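Below is one structure, written out as structure tokens; comments come after it.
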Amino acid sequence: MTSRAPTPSQLPHCREAAPAMLSLGLDSSTQSCSAIVIDTETQTIVAETSVNFGQRLPHYNAPSGFIPDGAAGEVHADPRMWLDALELLFEELKDQCELAKIAAISGAGQQHGSVYLNDQWLNAIDTLDASESLSAQIQPCLARRTAPIWMDTSTGAECREIAAALGGDEVVCAKSGSIPIERFTGPQIRRFYKNDPAGYAQTAHIHLVSSFLCSVLCGADAPIDTGDGAGMNLLNIHTWDWDPELLAATAPELGKRLPDAAPGNTTAGQISEYFVEKYGFAQGTPITLFTGDNPSSLVGMGASRPGKVVLSLGTSDTFFAAMPGVVADPQGCGHVFGNPAGGSMSLQCFVNGSLAREAVKDKFNYDWDQFTAAFNKTPVANDDQVMLPFFRPEISPRIDLAAPILKGSEAFENWQDADAAIRACVEGQFINMKLRSDWMQLQPEVIYLTGGASQNDAIAQVVADIFQAKVQRLAVSSSVALGAALRAASHTLGLNLHQLESQFCQPEAGSTIEPQAAIDSYQTATANFSALLAKS
Ligand SMILES: Nc1ncnc2c1ncn2[C@@H]1O[C@H](COP(=O)(O)OP(=O)(O)O)[C@@H](O)[C@H]1O
Ligand SMILES: O=C(CO)[C@@H](O)[C@H](O)COP(=O)(O)O
């Protein structure tokens, strides 16, 4: 997530204070890999840095973190890019803070993405040579050159097959917390097994992005935590363990290819010698299981206990909250994931998030300032002209686009009015979000905003107006990495997680945005949106 937190040099005591209780949180999300180091004694941020994949590693040809123009809905990324970014990140981090003083480590990865490894994997990560790069040494272990990620929509047939084998979408949803979903790892594994049986046969281990990176850091196979594991259509959300029927419906002998599933507050291992020698971490530093970026953000937003609603505007837009019990979406669009602090969380994901906003911005060659200024030049609710802001297939609601096109009301089809189109796109996104998140039965008075687009006050104002709720941002904006640092500190240093959340997850002073529009301002626009959607 993009950083707005004070830099270490702006923070008092950050280098001088005795850093006895330092905890490192990592975040490998869609577009960047980020790190934050917190000092739990002085309650300060010691270091923070981020590596943008597209900007820093352009040779992977993934300007937004994924390889563009995949066939048949495929969206993949190169795992070597994530490894190179991790090394760049540690290079930068060691200039900001003495890594030997870090006592606890955890992390998070973009959800659902899967890495396929052959039988050389365990030996390779156990015997890494610090004079070589991670990517060069792990490349020979890749049984599949690239990793399908959460934007991949190529598995419609496999979703139907898994549902049929189990007795319907509802059965899969009751077991796994979600109906079979194209981007989820189980359907992705099934497609790989069907399309490339030889590649599947060579695959000895399958990891999520989170458990892959955790394993590399430990030099040993790490379990998949229940927060991220629930995004696979393979984990049973009642036992929080792999479900034999889901495994059998997905691919043969899948169970032996998966690591264990375990709760997030489990020690994965100790940092491997490679990172001790190359970057100066202390030998034996414990690593807590990694989780998905959204479950991690739940903690980093101070929302791991039910009561707070979080809206993350990263590459995807996600709306989520910790739940007192298991609450599943009757329409089958939403998901139940494990809450890293215990219990579960509900989440609704909108694939057309930041990249859709960027598409409208780029269409008019605007920068973010011009994009933001458009909201001052246009009326709230845009005279009730709405747009269906779907530039790529969407899950919330399900929209399969043969070719990515913008669906809009007639007023926008000719793209005459840039400012109105920008407002219509953003308003369409949040009208849609309000309609799709009703199943969680949350009527938040405050929405906690995070992710790269959360810094945009105009977008935050639209959220406040449509949800008729206050919007707040936190002082530390990298909530995924912060959540990982807090989880590691709690688990390894024995500190109370909720106390850590109240220390580190405070609203940014003056960041509250109140609703300005009248309560019924979006009534007609919402009806128009629903009508347009029904016609599409
Ligand atoms: N000023 C801004 N206004 C709106 N969106 C922004 C702004 N700055 C950055 N963004 C969006 O933030 C997105 C990246 O968010 P980030 O949380 O870093 O993503 P991820 O965690 O998925 O890698 C970019 O795709 C960009 O569109
Ligand atoms: O698919 C989902 C959640 O189900 C996405 O939210 C991914 O987890 C990617 O997250 P960002 O990189 O957009 O934060």
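Taking all protein chains in place and a 1.4 Å probe, what share, in percent, of the accessible surface of region 21-294 do carbon and sulfur account for?
On region 21-294, the fraction of accessible area on carbon and sulfur atoms equals 47 percent.
Assuming R0 = 22 Å, can you tell me the calculated FRET efficiency for the pair Asn123 and Asp241, based on Cβ-Cβ distance, to the nearest 0.05?
Details: r = 27 Å, r/R0 = 1.25.
Rounded to the nearest 0.05, the efficiency is 0.20.
Please give me the summed charge of the neighbours of Ala420: other residues whose Cβ is under 9 Å from its Cβ, Lys and Arg +1, Asp and Glu -1.
Combined, the nearby Lys, Arg, Asp and Glu give -1.
Tell me, what is a quarter of the convex hull surface for the C-alpha atoms of region 21-294, in nm² with one decimal?
That works out to 13.5 nm², a quarter of the Cα hull's surface.
Using helices alone, I'd like the mean residue ellipticity at 222 nm for the chain: each DSSP H run of four-plus residues gives -39500 (n - 2.57), total over residue count, nearest 500.
Value at 222 nm, helices only: -10000 deg cm²/dmol.
Once ligands and nucleic acids are excluded and a 1.4 Å probe is used, how much of Thr266 is accessible, expressed in Å² to the nearest 10?
So the heavy atoms of Thr266 present about 40 Å² to solvent.
Would you work out the relative contact order for region 469-536, in percent, from Cα pairs under 8 angstrom that are 6 or more residues apart?
Contact order relative to length: 45 percent.
Using a 1.4 angstrom probe on the protein heavy atoms only, line up His207, His238 by accessible area, largest first.
Largest to smallest exposure gives the sequence His238, His207.
Near the amide H of Asp317, under 5 Å away, which other amide H atoms are found, from residues 5 or more places off or on another chain, if H is placed in the peptide plane?
Long-range HN contacts for Asp317: Phe350, Gly353, Ser354.
With a 1.4 Å probe and all protein chains left in place, how much accessible area per residue does the chain have, in Å²?
36 Å²
log10 I(q)/I(0), Debye, Cα-only region 425-521, no solvent, q = 0.10, 0.11, 0.14, 0.20 Å⁻¹?
Reported log10 I(q)/I(0), two decimals: -0.33, -0.40, -0.61, -1.01.
Considering Cα pairs under 8 angstrom that are at least six residues apart, work out the relative contact order of the chain and quote it in whole percent.
Averaging sequence separation for qualifying contacts and normalising by length gives 16 percent for the chain.
Considering the options Gly229, Ala282, Ala157, tell which one lies farthest towards the positive end of the dipole of region 21-294, charges being +1 on Lys and Arg and -1 on Asp and Glu at the Cβ, about the Cα centre.
Looking along the dipole axis, the top candidate is Ala157.
Just how much of Asp367 is accessible, in Å², when a 1.4 Å probe is used and the result is rounded to the nearest 10?
70 Å²
Starting from the Cα gyration tensor of the chain, take the square roots of the eigenvalues, sort them a ≥ b ≥ c, and report rounded, prolate or oblate (rounded when a/c is under 1.5, otherwise prolate if a/b is larger than b/c, else oblate).
Because a/c hits 1.5 or more and a/b fails to exceed b/c, the chain counts as oblate.
The values are calculated or read from the model by the stated rules, or taken from the named source; none is laboratory data. The structure displayed is predicted, hence computed values, not measured ones. Positions of Cβ are backbone-derived with ideal geometry, glycine not excepted, and every protein chain shown enters the neighbour counts. When the accessible area is computed, the model is the full protein with side chains, heavy atoms only, and any ligands, DNA or RNA have been set aside. Shrake-Rupley method; radii C 1.70, N 1.55, O 1.52, S 1.80 Å.
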